[in-house]
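Asker: I am attaching a structure below and will ask some questions about it afterwards.
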Amino acid sequence: MPRPVSLGQVRRKLRPAPPPLEANDQLVTAVITAAWAIGLVTVLILRDHLPPGERWWVWTCAVGLCMGLFGLWYVPRLKRARARGAERRARAATGPESTGLESTGQAGQPGPD
């Protein structure tokens, strides 16, 4: 009978993780929101044909639509905030020379010249 092998003993080289995919977040959010809107209209039209135990779908579609509308409002703000943060980090990494501050790193105080 073969001896059991622990996965901790298995050695293999792992490939590096692929870079994240970029997508048009607003387009994705808009398409999903439109799908929830279509679902809501459909469920509202067929509401009388739904059994009472299945009418929760109306609220599910309504909440999905509201969350999608919130996403359409929020995603651009999130992207702008991330861009501002990346810009700040890039400026901090290059040092005070690029910001126009004196050599002490503090604005308004003379450097040691």
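Computed from the coordinates by the stated procedures, all read-outs in this text should not be read as laboratory data. Note that the structure is a prediction, hence the values are computed from the model and not measured. Because the Cβ atoms are built from the backbone with ideal geometry, glycine has one as well, and the counts that use them run over all protein chains shown.
Asker: Find the all-direction average of the projected area of the Cα convex hull for the stretch 24-91, expressing the result in square nanometres with one decimal place.
Answerer: Orientation-averaged projected area of the Cα hull: 5.1 nm².
Asker: So, one more: Count the net charge of all other residues whose Cβ sits under 14 Å from the Cβ of ARG77, scoring Lys and Arg as +1 and Asp and Glu as -1.
Answerer: +3
Asker: Quick check: the distance between the Cα centres of the stretch 69-87 and the stretch 1-52, to the nearest angstrom?
Answerer: The two parts, judged by their Cα centres, are 22 Å apart.
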